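Read-outs throughout are calculated quantities, based only on the coordinates presented, and are distinct from any laboratory measurement. What you see is a predicted model, and the numbers here were worked out from it, not measured in a lab. All Cβ positions, even for glycine, are placed from backbone atoms using ideal geometry, and neighbour counts span all protein chains on display.
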Amino acid sequence: MVVDDSRLQRRILSSMLTHWGYQVIEADTGPAALELCQSAMPDMVFSDWMMPEMTGLEFCKTLRNRYPDTYTYFILLTSKAEKNDIAQGLESGADDFLTKPVNASELRARITAGGRILSMQRELQNRNDVISDTLDELRKLYTAIDADLVEAQKIAAIPDPGAPVYHRTLSHQSNFAQFGPCWGRFGRVFPCGSIAPWPVRN
């Protein structure tokens, strides 16, 4: 994408890019370029620094903020050569600079460098997508395992109706002595320790 308010400058740059086999779209202002990006996000943007309505810096900032998940290599076209200006451009999100008037050899070298960076960025994005998909599959697997463990615990907690039932009785006299005397069936008092355990019927 070539963005410049000067039609002549746009045509010069677009002609070189088209001659080298690139597909080019043009815009005369930053807002017009942003509107075009909604339907077709370019791999590279060559934008003039000084433009009406929106400067190249403002256009770059807006593009980065509006499409944070899509990486576009951004080159500012400028006659500025001060270090402070370059630093300001980098802080705004620009990747590189070209001094106007644009030299064809320098332009091609910047495009080649930008193409390498785009290729590495896409490879990294593809790897991140694979890692993300793998993590999603692992989460699903762990969720299924947790659900199986919960079901297994529920099954283990259900008593088996065919299992034998064991009755626990108290046989030591000291277990009864703490309760003091006990009343028998006919009104007689017995020390609790002398009462034998109650028989249990199976």
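See the values below:
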item	result
Area projected by the alpha carbon convex hull of the range 2-128, averaged over all directions, nm²	7.7 nm²
Sum of side-chain charges, residue 117 neighbourhood, beta-carbon under 12 Å (Lys, Arg +1; Asp, Glu -1)	-1
